[in-house]
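Just so it is clear, none of the values below were taken in a lab; they were calculated from the coordinates. Every value quoted in this text rests on a predicted model; they were computed, and no experiment measured them. All Cβ positions, even for glycine, are placed from backbone atoms using ideal geometry, and neighbour counts span all protein chains on display.
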């Protein structure tokens, strides 16, 4: 528990001791409780009304979305139909008519389910050229086709005035003539027409639209004629008259005003009105309504409107649930206040004991941390004299607490370092910034051994801002530094090998030429001649140089063939044995997950071990910032290859350098820490084995706050173990 919390609890303790000693305290608490409780109930009542309006509005907004979608579907259908009809214009002048008839029949067949009854073509003399219809409807006689050619002043689709028809079964059909003029060189050459059953079309488009559980949609034209309505008797009739006829003694003023002042004027909006039926429900029913106009060019200035309605009773259920939840919350709060009044007095008496117990518990925890930590944890006063010296510090430096408490750290600093200067430098940084972390320096133990340490020091202040002292954590980094040097030397060795191989190949070619010409010259001279002896001397020295080249090639292990079979599992286990202890001291865990009977690969085992070692070296470098982590090596067979995956939990590879990491001499390490040849060497060795090396990485730079790490994937062709 921090100091601020302790001060707060002590303040509560003093106030409660003062307050609860007064005789009038219970009476005041009771009055205050009932006042708060009454205000809360009044606020809930006001809130419930606001919630009711909000829920009604939200529901109507959902209905408005449904209305817009229905309007958009109708507009989309007519747009598609216009596109199809306009496409027929290209076949209108087809003299034989075969292609034209096929195209017109196709349009009729594709749209018959959407209400298209028939389709036809007349010329400018009103002569019927083509005509097709669906079954079940009487043929349209040519003399009954009424098309006023003078009306077509623009090359676009037009809906003629509606006609309302009934069949012998009493079913209503609302028919609209749709006409598209055919204009060539500014002259009318004919008219394409279709008849559309709007009642069938709207039944198809919005018949299944549901708002809530039982809400429905209806459509009216500019004269308030119902083009679609769940009440079948309303279809084809003026909806004002249909309502009045169904309920002659009921006032429909609310919905009538909405229709006259908004819907028939092409406005969009929402509202509420009283009705006397809804599907199977009878009686007075309050309904929510949302409406939107249908806006298409084919209607010209006519206004059609789609409405979606639902009874408010469906919304009231949600409102009642919300009100009950609020009431329950209020009762719960009241019950909590009562409990609080009963337990507060007892609780405040226990605060002091609880504080003492927590302080004691924290002291035990701190003591346990100090005694069991592997790191050296030290506390010094403001004069930098040691006041706490834990077992980790004793184990690291060899000095007991009795030998260090009351003394400074000068005895821990080697003689080749200016102790006063370094201690002053560290202290100035801590006073300025409040802390210093990852300060690497050398220290000397009681036995005289030099160790490399990582120092973190934090300023400790009182609540008043006075400096109380400093907490110091020291970690032994000696083995980690040695591991870094070892891996650095390995990279240097790899680069030397690559350089040696290149030099050897460059020298080998001229040596072969010299040796060849020497052999030719030897045959031209007598063995006892001086020239012969000189040529033999040249030959001997060239062979000696060739031997040196072969030794360089042996060092670099660059071979023309791949005659060796290598057990990758054994190689990985060998490398892990070498590095495991070193990784452990650096708090890096190495996990192996290798398939049993992993197939062999063709290549040199030492080169393969070098690849694994270099990749582990890179992983260790990536985890320097965190100071700990995990390296996991997976090996398994996949098709004709074996896959080796080496994963770490380091800082990852930023996107900006991913394309460069296999380039020779590219490195992100500081000068002197790496040559940039490690991954380049790995790439070359794996390529020589006939394989490939790839990686995936999530970096701390590109994904702050995410889990970071890198996985290198080595893919090498396998060979038969037998």
Rounded Å value of the spacing that divides the Cα centres of segment 98-141 and segment 209-225: 31
Contour excess over end-to-end distance, with Cα ends at residue 573 and residue 408 and 0.36 nm allotted per residue: 54.7 nm
Full-extension gain in nm, residue 541 to residue 68, via 0.36 nm per residue minus C-alpha separation: 160.6 nm
Segment 373-476: C-alpha gyration tensor shape, a/c 1.5 cut-off, then a/b vs b/c: prolate
Relative exposure of 602, 358, judged by other C-beta atoms within 10 Å (fewest first): 358, 602
Mean Cβ count within 10 Å, highest first, over the residues of peptides 407-415, 191-199: 191-199, 407-415
Distance between modelled label sites at residue 440 and residue 467, nm, 7 Å Cα→Cβ extension: 2.8
Residues 114, 404, sorted so that the one with the fewest Cβ neighbours within 10 Å comes first: 114, 404
Among 686-692, 180-186, the order from most to least packed when residues are scored by Cβ within 10 Å on average: 686-692, 180-186
Taking 441, 462, 619 and counting other C-beta atoms within 10 Å, the order from fewest to most: 462, 441, 619
Label-point separation in nm, residue 533 to residue 360, each point 7 Å along Cα→Cβ: 10.5
